[in-house]
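Everything below concerns the one structure shown next.
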Amino acid sequence: MTMKVLVPVKRVVDYNIKPRVAADGRGVETQGVKMSMNPFDEIALEEAIRLREKGHASSVVVVSIGPQAAQDTLRTAMAMGADQAILVRTDAALEPLAVANLLKVIVERENPGLVSMGKQAIDDDMNATGQILAAKLGWPQATFASQVKIHDGKAEVSREVDGGIEVVNVSLPAVITADLRLNEPRYASLPNIMKARKKPLETLDAESLGVDLTPRLKVVNVSEPPERQAGVIVETVDELVHKLKTEAKVL
Ligand code: AMP
């Protein structure tokens, strides 16, 4: 069986950058900050490319919902091996419900046999979009995948749960969300970066897709975590016990 695989990829603050709270205290500063593909989406994309290489998929389509600059993320995805890309353009910061509703429109248009996506975006750590999308489509979902095997129109997915690995079988089409240990994404080679420039990238306007994008959540405040106090080195066990009793008051 061959199918199209759709991979939603989000442009986020690069994972090496220490996020700073934006001046308005309502989010994270993105101006002048290095942005990259969400690391879990790279993993989801790598898995989709491997499925195509193994003959389970006929093509890999990547979609990003975001500003014009998310084009760079889509070009990177095509340099890694995706065949074509769709940019759903919006300057608004959308929450998972709106993203899932937009993705549903793209799924209905592209008809994939599988949606392979990240378990969460590392900017706001929502961990919700895949689950909402599966529910909206009425498709099975297998979240936090650490292994995916395709056979007989089904996906056998190992998922990391508290205390071990759970194996679930889902019939396709389905939504699978990738966990960290699923694979190690490849780097884009220079010739593939050049080739990616010629691959098709379609741009749609988010407002034109007939989806309600009204925010339901209100961010009250975003603040830095409290700074850690410097520790002290105690000389003896007696001193430690004394401090635990008198200063930390945990004994
Ligand atoms: P979240 O629920 O926001 O933590 O995101 C989970 C996954 O949904 C991400 O790993 C992406 O695969 C996908 N996703 C979320 N936001 C977007 C977006 N703006 N564009 C494309 N994919 C997205």
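Annotations for the structure displayed:
- Close amide H contacts of Met3 (hydrogens built in the peptide plane, cut-off under 5 Å, sequence separation of 5 or more or a different chain): Ala57, Ser58, Ser59.
- Backbone geometry of region 8-18 corresponds, through the Karplus equation with coefficients 6.51, -1.76 and 1.60 at θ = phi - 60°, to 3J(HN,Hα) couplings of x, 10, 10, 8, 10, 4, 3, 5, 7, 8, 7 Hz, x marking Gly and Pro.
- Counting other Cβ atoms within 10 Å as a rough exposure proxy, the listed residues Tyr15, Tyr187 run Tyr187, Tyr15 from fewest neighbours to most.
- Coupling constants for region 170-179 follow from the phi torsions by the Karplus curve (6.51 cos²θ - 1.76 cosθ + 1.60, θ = phi - 60°), and in residue order they are 10, 7, 8, x, 8, 10, 10, 10, 8, 9 Hz; glycine and proline get x.
- Arg197, Arg89, Arg11 arranged by Cβ crowding within 10 Å, fewest neighbours leading: Arg197, Arg89, Arg11
- Amide H contacts of Gln84 (H built 1.01 Å from N, under 5 Å, at least 5 apart or other chain): Val60, Val62
- For region 4-223: rounded, prolate or oblate by the Cα gyration tensor [a/c cutoff 1.5]: rounded
- 3J(HN,Hα) along region 190-206, derived from phi through the Karplus expression 6.51 cos²θ - 1.76 cosθ + 1.60 where θ = phi - 60°, amounts to 4, x, 6, 5, 5, 4, 5, 5, 9, 6, x, 10, 9, 10, 10, 8, 4 Hz, with x in place of Gly and Pro.
- Residues Phe144, Phe40, arranged from fewest to most other Cβ atoms within 10 angstrom of their Cβ, appear as Phe144, Phe40.
- Distant-in-sequence amide contacts of Ile150, defined by a placed amide H-H separation under 5 Å and a gap of 5 or more residues or a different chain, comprise Glu156.
- Distance between region 146-225 and region 63-142 - C-alpha centres, whole angstrom: 7
- Calculated mean residue ellipticity, 222 nm, the chain: -8000 deg cm²/dmol, from DSSP H runs (n ≥ 4) at -39500 (n - 2.57) each, averaged per residue and rounded to 500.
- Local electrostatic count, Met37, Cβ distance below 13 Å [Lys/Arg +1, Asp/Glu -1]: -1
Where a number appears in this text, it was derived from the coordinates with a stated rule and is not lab data. Since the model is a prediction, treat every value here as computed from it, not as a measurement. Cβ atoms come from the backbone with ideal geometry, glycine included; neighbour counts cover every protein chain shown.
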